[in-house]
Amino acid sequence: MKKLTALTTTALTASVALALTACGGQANSSTSSKAAEFPKAGSTIEWIVPSAAGAGNDILARIVAPVMQEDLGANVKVVNKEGGSQVVGLNYVANAKADGLTFGNTNIPSILGRYLDPSKKAAFDRSSFTPVGAFATNSVVIGVNKDSKYKSIKELFDAVKAEPGKITVGTDSRAGDDHINLRLLENQLGLDFNIVHYNSGADKVAAIVSGETDFALGGVSSFFGQYKSGDIKLLTVIEDNPSPFAPEVPTMKSAGYDVEPMASNFALSVPSKTPKEVVARLEAALKKATETPAVQEKLKDAATAPAWKSSSDVAKLWEEREKTIKPVIDELLQQK
């Protein structure tokens with residue numbers, strides 16, 4: 001009887017183990033099939049651009065989207081949702097269904113000022129998103145009007161030191177990446193700018209061309225058209241190496257200033273609870289598009305450097321930049 005019981009117990013244990021193995025196999029199969037089924041043929045994926053049609057994010061999205069569409073076998077539709085200094089579009093992405101059919105621009109560092117500044121009333125933070133990857137970077141430069149009396153970055157900064165708080169500089173928004181980068185420069189170099197906020201990058205550039213402000217800081221692509229036409233002179237690129245789009249422009253390092261390099265990273269993210277297999281599929285499609293020669297040429301034509309960063313690399317960069325920038329934004333809020 002004991003022998004029979006032992007055999008029965010052994011058989012039962014084996015049956016349970018087999019059943020558990022089968023269940024595990026089904027779960028793995030289900031997980032794998034979820035990735036294999038995404039996206040369904042003919043489905044539509046929305047790429048949310050949180051700024052106006054024709055703006056930098058929109059131009060780049062329309063370069064990359066068709067190649068992602070071809071790889072995914074689904075429609076990738078660029079949708080502009082502007083407003084609230086990008087908060088409207090970013091809210092939409094953060095609160096979308098986490099099925100991979102909605103993703104959007106979460107550029108670093110610009111997104112940080114959208115949620116770290118409570119006055120913008122963002123319904124999201126870093127935990128609201130899972131990065132898909134980043135496909136390009138934009139070096140930060142300082143530009144002046146073509147007729148400016150400042151012929152070098154040293155002349156400009158010497159004038160700032162001579163008259164603290166007098167030399168005017170334009171930004172595209174309060175607590176945006178321009179504003180944050182200017183505050184970082186002030187802190188690192190002991191400078192005091194008279195910072196003027198505009199409603200958009202276009203307004204900021206127009207203020208330089210008209211001579212309304214003394215200088216402006218921003219991504220090289222935002223100045224590139226006026227730089228090539230001669231309406232704006234670039235004094236420096238805030239990188240360790242020259243920009244390929246303006247190789248004759250000296251770097252801050254070559255001008256003798258010890259500052260941290262500055263660049264914008266064009267990143268995409270999905271809502272945070274999107275299945276990891278779906279994220280991986282989107283990541284692979286974005287990587288393939290980024291590495292496509294035709295896409296790279298078009299990005300370069302838009303004065304933007306193709307540069308791939310994986311989902312995990314973007315997540316790490318995001319966390320690091322938040323730690324650096326949060327104290328700056330906290331300081332700005334205290335000054336209100």
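Nearest 20 debye, what's the magnitude of the dipole of segment 119-184 about its Cα centre given +1 on Lys and Arg Cβ and -1 on Asp and Glu Cβ? Walk me through the numbers before you get to the answer.
On the way: 11 positive and 8 negative charges, 25 e Å.
Approximately 120 debye in magnitude.
Suppose every Lys and Arg Cβ carries +1 and every Asp and Glu Cβ carries -1, with no other charges. What dipole size does the chain come out with about its Cα centre, to the nearest 20 debye? Don't skip to the answer; put the middle values down first.
Numbers: 37 positive and 38 negative charges, 258 e Å.
Result for the chain is approximately 1240 debye, rounded to the nearest 20.
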Loop-located trypsin sites (Lys or Arg not before Pro) in segment 213-299 whose Cβ has at most 11 other Cβ within 10 Å (DSSP): Lys273
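Where does segment 259-336 land on Rg/Rh, using Cα atoms and the Kirkwood Rh? Could you put the intermediate results ahead of the total?
Numbers: Rg = 16.1 Å, Rh = 15.0 Å.
Here the Rg-to-Rh quotient is 1.07.
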Approximate spin-label separation Thr168-Lys97, in nm, with each point projected 7 Å along Cα-to-Cβ: 5.0
Tell me, what % of the accessible area of segment 32-188 is carbon and sulfur with a 1.4 angstrom probe? 49
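Test of the criteria: in segment 64-106, which trypsin sites (Lys or Arg not before Pro) are in a DSSP loop and have at most 12 other Cβ atoms within 10 angstrom of their Cβ? Walk me through the intermediate numbers first.
On the way: sites: Lys77, Lys81, Lys97; in loops: Lys81, Lys97.
Those that pass, being in a loop and sparsely packed, are Lys97.
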What's the angle, to the nearest 10 degrees (0 to 90), between helix 177-189's Cα axis and the longest principal axis of the chain? 60
Positive dipole terminus of the chain, leading residue within Pro250, Ala284, Ala303 (C-beta point charges): Ala284
Which parts of segment 146-165 would a label at Asn194 reach, counting a residue when its backbone N lies under 16 Å from a point 7 Å out along Cα-to-Cβ? 149-150, 156-165
Highest to lowest packing among 194-205, 148-159, scored as the average C-beta count within 10 Å: 194-205, 148-159
Quantify, in whole percent, the carbon and sulfur part of the accessible surface of segment 191-332 (1.4 Å probe; protein heavy atoms only). 49
Please give, to one decimal in nm, the separation of the simple spin-label points placed at Ala280 and Asp301, each 7 Å out from Cα toward the Cβ. 3.6
Between 0 and 90 degrees, rounded to the nearest ten: what's the tilt of helix 153-162 against the longest Cα principal axis of the chain? 70
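If I stretch the segment between Asp158 and Ser127 completely, what's the gain in nm (0.36 nm per residue apart, minus their alpha carbon distance), one decimal? Numbers along the way, then the final one.
Working: separation 31, 0.36 × 31 = 11.16 nm, distance 4.21 nm.
Length gained between Asp158 and Ser127: 7.0 nm.
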When ligands, DNA and RNA are left out and all protein chains stay put, how many square angstrom of accessible area per residue does the chain have with a 1.4 Å probe? 47
Would you mind calculating the gained length between Lys253 and Ser210 on full extension (0.36 nm times residue separation, minus the Cα-Cα distance), in nm to one decimal? 12.6 nm
Among Thr102, Thr137, Thr44, whose mean-square fluctuation peaks in a Gaussian network model of the chain (Cα, cutoff 10 Å)? Thr44
In degrees between 0 and 90, to the nearest 10, how far off the longest principal axis of the chain does helix 2-37 point, with axes built from Cα atoms? 30
What does the C-alpha gyration tensor say about the overall shape of segment 183-272? Classify as rounded when a/c is under 1.5, otherwise prolate if a/b is larger than b/c, or oblate. rounded
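The values are calculated or read from the model by the stated rules, or taken from the named source; none is laboratory data. As the structure is a prediction and not an experimental result, all values here were calculated from the model. Methodologically, a virtual Cβ is constructed for each residue, glycine included, from the backbone with ideal geometry; neighbour enumeration extends over all protein chains shown. For accessibility, only protein heavy atoms count, side chains too; no ligands or nucleic acids. Shrake-Rupley method; radii C 1.70, N 1.55, O 1.52, S 1.80 Å.
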